[in-house]
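A short write-up of the structure that comes next.
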Amino acid sequence: MKGTIASHRNHGRLSLILAALIIISFAYLYKLDRPLLWGDEADTGLFARNVLQFGYPIAYDGRNVPICSGESQVSRNLLVERYIPWVQHYLAAISLKSFGDDTRGLRLIFAIIGVISFFPIYHILRTRVKFPIILTLLILISPQVLFFQRNARYYSVLILLYGFLVWHIASTFRKSKLRFLITSFYFIIFFHTHPFAAFCCSISLLIFCTIYQKKAFLWYLASSAIGFFSWLIWFGLLGPTLGGGDPRLIAITHTKEWFSLFLSGLYAGVLDLDTVNCFPIIMWGILIAAFLFKGRRSEQNPIKDPVSAFIFISLLVQVVVTAGCFGYESPAKYALLRYMPHLITVGVKVVVT
């Protein structure tokens, strides 16, 4: 009798998961060729074509030189793209080759990766909320996340990688060497997808380990260092840029000016948690306060729960480091946190639960 009940429950859960995946897939893939590519996506497409033609993302193909992000994007001899590591360009090349050399074909593999991110996020929620499938569905089809997942950029890859990292932290490994091998490979991929996001996650992970998992500190330090130096060596081999460094970086030579920009960047980072003005910042405060109060009266205390703690640490580190390095962007004072969709996606999960 118990076996029959358990079988029915498993069948019902699998049916719900399948239904959720169908809904997410429809939301991500429907009319994927609309709207047309924007500037950064066009960059991805041009470099992907060069990968298919030359074997690597060459900067000058005899006709085009993509410099959407400025002169620091390409090497001085116009040989290679060096602004964004090459994971997204090779993924885009696979997408063009497999699904067609057009807007939909370029975006398709990134949308598929977005669908796959259901699994680590669901696994994180499975033992923490009553309706993990429904909540995972709602998170992944929320307007801002939907926008990220339908882009031919690194966004969906970051969401998947960060979801995997959070799942990895919450999992138990009997063999430390296995954990080390997995995280080393993971950080190599992460740093070659987005080094700034990977660096902030590495710092967050080490802070987290000093508080919650002291025994794992050296393992994570070594594995993140392997990822960082694999990227640093690759970056150094590309040679100097056509222009200077990233023009958005704040020079710390003038302390007063830097501190003012830093404070403005912190404020912009907090406001960026209010994704596209659809969730008033005051409501974030109410929800976080309610969550902390609830945590004191239940087992899901965010201070004791490693998953919630790591995500809060990640958000804090990302906001502070972003403000310290870049301040804010544009006269509207946006923070670069909006380019970190993994934190928005999984951060929403923690607050809502």
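Throughout, read-outs are computed from the coordinates displayed, never taken from laboratory work. Source: prediction; values computed, not measured. Ideal geometry is used to build each Cβ from the backbone, glycine not excepted, and the neighbour counts take in all protein chains shown.
Here region 95-223 yields Rg over Rh of 1.01, to two decimals, using C-alpha coordinates and the Kirkwood radius. Modelled spin-label separation between Leu232 and Lys177, with each label point placed 7 Å from Cα along the Cα-to-Cβ direction: 2.7 nm.
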